[in-house]
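Working notes for the structure below.
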Amino acid sequence: MLLGGSFDPVHNGHVALGATFARLLGASELRVIPTVPWQKSSLVATPEQRADMAALAFAALPCRVVIDRQEIERGRPTYTVETLRALRAELGPEVSLCFLMGADQLQRLDTWHDWHDLFGLAHLCVAARPGFTLDGPDIPAAVAAEFRNRLVPAERLCSRPAGQTCIAPDMAVDISSTRLRELLAAGNFKHDSGSPISAPVLDYIRQHNLYKK
């Protein structure tokens with residue numbers, strides 16, 4: 001499984017996404033890829049800090065977690081398709097790769113560079129809130145058609161290296177990294193049992209004085 005993100009900061013929604021598909025797919029490994037995205041220019045934490053926070057956040061998952069630093073090491077904004085091409089070259093043509101994303105990313109998929117090529121490199125797995133449908137007004141028609149034509153149950157993904165899609169429909173987690181940064185900057189963030197940021201990550205943020213005004 002592959003999960004990319006800016007992780008600025010990483011939160012429990014990201015972890016829930018990985019955990020959901022680890023369970024559905026019976027995956028043995030999750031590669032977490034801190035991105036240097038071409039669509040975002042307002043990241044606060046450094047690439048290494050974002051990688052460190054991701055390592056802390058995903059440590060509790062039952063599968064093996066690898067923090068993949070390839071985009072950081074590239075040192076420039078990177079398209080997702082570039083990273084998937086590099087992973088496919090590294091791992092070979094027969095390995096089943098499942099790229100995880102939230103429904104909000106699916107809504108913008110047609111703005112991604114060479115987005116049609118993603119399906120030839122990996123399976124696309126989307127976690128959506130209850131009631132989500134590909135026919136909804138927020139999903140571009142071309143994306144919905146491509147996704148629907150490739151849709152299979154999660155258990156069938158491992159039978160092929162790429163080209164299929166899957167939806168986990170009950171991901172009732174809605175957390176905004178932007179909103180978290182605002183709360184942290186204002187000093188209004190308190191950790192409790194329902195906190196959207198794990199205690200180790202919050203400790204790291206405080207130790208490094210991140211997101212303060």
Subject >> Candidate set: the range 19-36, residues that are within 17 Å of L124 (Cβ to Cβ) and at pLDDT below 95; chosen: the one most open to solvent (accessible area, probe 1.4 Å) >> reply: L24
**OP:** Run down A185, A145 and say which single residue is assigned to a helix (DSSP H, G or I), open to solvent by 20 Å² or more (accessible area, probe 1.4 Å), without any contact (Cβ under 8 Å) to a residue 40 or more places away in the chain and farther than 29 Å from P47 by Cβ.
**Re:** A145
Original post:
Is the range 197-211 home to any residue that is modelled with pLDDT of 90 or more, open to solvent by 30 Å² or more (accessible area, probe 1.4 Å), assigned to a helix (DSSP H, G or I) and charged (D, E, K, R)?
Top reply: yes
Original post:
Given the structure, is A59 in contact with a Pro (Cβ under 8 Å, 6 or more places away or on another chain) and not basic (K, R)?
Top reply: yes
Original post:
Does F99 count as hydrophobic (A, V, I, L, M, F, W, C), closer than 24 Å to W38 by Cβ, at pLDDT 95 or above and assigned to a strand (DSSP E or B)?
Top reply: yes
Subject >> Of all residues making up the range 37-59, the number that are open to solvent by 70 Å² or more (accessible area, probe 1.4 Å) and in a loop (DSSP other than H, G, I, E, B) >> reply: 7
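I'd like to check something: does the range 65-75 contain any residue that is assigned to a loop (DSSP other than H, G, I, E, B) and closer than 18 Å to A27 by Cα? Steps first, answer last, please.
Looking only at the range 65-75, we keep the residues that are assigned to a loop (DSSP other than H, G, I, E, B), and these are 68-69, 75.
Checking which are closer than 18 Å to A27 by Cα leaves us with 68.
Taking every residue of the range 65-75 in turn, at least one turns out to be assigned to a loop (DSSP other than H, G, I, E, B) and closer than 18 Å to A27 by Cα.
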Original post:
Between residues in the range 53-76 that are farther than 15 Å from F7 by Cα and without any contact (Cβ under 8 Å) to a residue 40 or more places away in the chain and residues that are among the β-branched types (V, I, T) and in a loop (DSSP other than H, G, I, E, B), which pairs lie under 8 Å by C-beta distance while being six or more apart or on different chains?
Top reply: R74/V36; G75/V36
Subject >> Unmet criterion (only one of (1) surrounded by fewer than 17 Cβ atoms within 10 Å (Cβ to Cβ); (2) farther than 23 Å from P196 by Cβ; (3) touching a helix residue (DSSP H, G or I) at 6+ places or on another chain (Cβ under 7 Å)) for P62 >> reply: (2)
**OP:** Residue by residue through the range 157-175, note down the ones that are more than 14 Å from L17 (Cα to Cα) and open to solvent by less than 60 Å² (accessible area, probe 1.4 Å).
**Re:** L157, P161, A162, G163, Q164, T165
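The values are calculated or read from the model by the stated rules, or taken from the named source; none is laboratory data. The structure displayed is predicted, hence computed values, not measured ones. Cβ sites come from the backbone with ideal geometry, for glycine too, and all protein chains shown count toward neighbours. These area figures cover heavy atoms from the full protein model, side chains too; ligands, DNA and RNA do not enter into them. Shrake-Rupley method; radii C 1.70, N 1.55, O 1.52, S 1.80 Å.
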